[in-house]
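The values are calculated or read from the model by the stated rules, or taken from the named source; none is laboratory data. Nothing here was measured: the structure is a model prediction, and the numbers come from that model. With ideal geometry, Cβ positions are generated from the backbone for all residues, glycine too; neighbour counts draw on all protein chains shown. Accessible surface areas use protein heavy atoms only, side chains included; no ligands, DNA or RNA. Shrake-Rupley method; radii C 1.70, N 1.55, O 1.52, S 1.80 Å.
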Amino acid sequence: MKNLFLATLLFALPALAQPVVSPEVHPDGSVTFRLAAPNAREVQFHCEGVTGSTMQKDDHGVWTATTPPLAPDIYSYSFNVDGLHLVDPANPFIKYNLLNTDSQVEVPGPKSLPWEINDVPHGVLHRHFYHSAVADDDRDFIVYTPPGYDPSAHRRYPVLYLLHGYSDDTSAWSAVGRANVILDNLIARGQAKPMIIVMPLGYGTMEIVKSGWSRVGDPNLWQRNVDKFGDALLGEVMPQVEKAYHVSKDRAIAGLSMGGTESLVVGLNHLDRFGWVGAFSSGGLNTNYVAQFPALDARANDKLHLLWISCGQQDRLLASNQQFCDWLKSQDIHYDWTEPQGQHSFRVWRNNLADFAPLLFQDKQ
């Protein structure tokens, strides 16, 4: 109620008489942000990949700022109005988040970009709801079926379990990561095998989110969250998927940030179920690797088709990911490492998925 009252004071009705256009993407890729807040003392904007955040107010109480030209991509941004975090009220393109929702703006690029929607056959997103006995709550998971999937046919498809990060929800990979669009394009170009993608809610206990960022550093709660997520995935989500869809025994698991850690823990500890494992900017991995992966040794190479690990060069988690790779090397476990430009952002992870998916199931008919 306090934030609502403050917002009411900041946004006067006269300023809203003229529609505010925001964001406005210019032909050179620069973006102008606008916010009507005539009673605000200071307004800043925060946009991925942009330094500087000051906005200027005109005589009508509209605050404005224009970025330098941006590379084609999807950028998250928000406003800070006298200390109050706000999404852009003129923009319905939202990056939903359980703790900190932002707005998004797309700087369009060539149709060759993996996340650009093209005139190709499209797969279908299916949403399933169920009660989780492991987490003791009601939750969902989303399934992508590729173009041409026929539930009445006998063809079986390999499946990728794709996990989101901390503070995201089930929709993150489809709504923000555009996983379905990326796979549509890769499949149409013959660059990836047709596959089913399962995107579950990535928490073993919602307590880890309800407690907020202040409890992320609690190692006991974090480990309980990771362990119980594995139980929910293996014991609840996978049986439902394998009953409802024509999936083969070829399975991959990958995820970003928290989901990267969960992919490593679940995948590398269950090589009888997952032959392909991907970790994008993994966060929160227990550095007692021997305890976290008690049975992992060089014999894993006989079961692993691919262990693919990536982290952006400007990501604060780069050193911890490199540390884990050093341990894998000491155990003679084969892995592929990539270190692209970028921070802890979907601007990196969309490209991660576009690079990872073509490597999956290629040695299978």
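Given contacts defined as C-alpha pairs under 8 Å and at least six residues apart, what's the relative contact order of the chain, whole-number percent? Reported relative contact order: 12 percent. The DSSP beta bridges internal to the stretch 109-216 are antiparallel in roughly 80% of cases.
May I ask you to list the GluC sites (Glu not before Pro) in the stretch 32-111 that are in a DSSP loop and have at most 14 other Cβ atoms within 10 Å of their Cβ?
The qualifying sites are GLU42.
Straight-line cross-link partners of LYS210 among the lysines, defined as a Cα under 26 Å from its Cα and at least 8 positions apart when in the same chain: LYS2, LYS95, LYS228. Across the stretch 135-252, the mean sequence separation of Cα contacts (distance under 8 Å, 6 or more residues apart), normalised by length, yields a relative contact order of 38 percent. Expressed to the nearest 5 percent, the antiparallel share of DSSP beta bridges inside the chain is 65 percent.
In terms of solvent-accessible area of protein heavy atoms at a 1.4 angstrom probe, what is the ranking of TRP213, TRP349, highest value first?
Largest accessible area first, the list is TRP213, TRP349.
With a Förster radius of 30 Å applied to the C-beta separation of ILE94 and VAL120, the computed FRET efficiency comes to 0.70. Using the empirical formula 2.2 N^0.38 Å as the baseline, the Cα radius of gyration of the chain reaches a ratio of 1.06. With everything on Cα atoms, drop me the angle between helix 219-232 and the longest principal axis of the chain, reported from 0 to 90° to the nearest 10. Approximately 60 degrees, to the nearest ten.
Show that you can apply the helix-only estimate: for the chain, add -39,500 (n - 2.57) for every DSSP H stretch of four or more residues, divide by all residues, and state [θ] at 222 nm to the nearest 500. Mean residue ellipticity at 222 nm (helix-derived): -6500 deg cm²/dmol.
GNM on the chain, alpha-carbon springs under 10 angstrom: the most fluctuating residue among ARG215, ARG34, ARG178 is ARG215. Counting only aspartates and glutamates at least 8 places from LYS111 when in the same chain, those with an alpha carbon closer than 20 Å to its own are ASP28, ASP73, ASP119, ASP184, ASP355. The mean of 1/r over all distinct Cα pairs in the stretch 19-146, once inverted, gives the Kirkwood hydrodynamic radius of 17.1 Å.
Fully extending the segment from HIS26 to ALA298, taken as 0.36 nm per residue of separation minus the present Cα-Cα distance, adds 92.6 nm. Annotation: peptides 256-264, 334-342, 143-151, ranked by per-residue average of other Cβ atoms within 10 Å with the highest first, follow the order 256-264, 143-151, 334-342.
For the pair the stretch 65-129 and the stretch 271-292, the centres of their Cα atoms are 29 angstrom apart. For the stretch 246-365, the pair-distance distribution built from all alpha carbon pairs, in bins 5 Å wide starting at 0, is 2, 12, 23, 26, 19, 11, 5, 1, 0 percent. The alpha-carbon of LYS329 sits under 22 angstrom from the alpha-carbons of these lysines, leaving out residues fewer than 8 places away in its chain: LYS303.
Across the stretch 74-81, computed HN-Hα scalar couplings (Karplus, 6.51 cos²θ - 1.76 cosθ + 1.60, θ = phi - 60°) run 10, 10, 8, 7, 7, 10, 10, 10 Hz from first to last residue, x flagging Gly and Pro. Rounded to the nearest 10 degrees, the inclination of helix 318-330 to the longest alpha-carbon principal axis of the chain is 10 degrees.
Helix 346-356 axis versus longest C-alpha principal axis of the chain: approximately 30°, rounded to the nearest ten. For the stretch 312-365 versus the stretch 209-265, the spacing of their alpha-carbon centroids is 18 Å.
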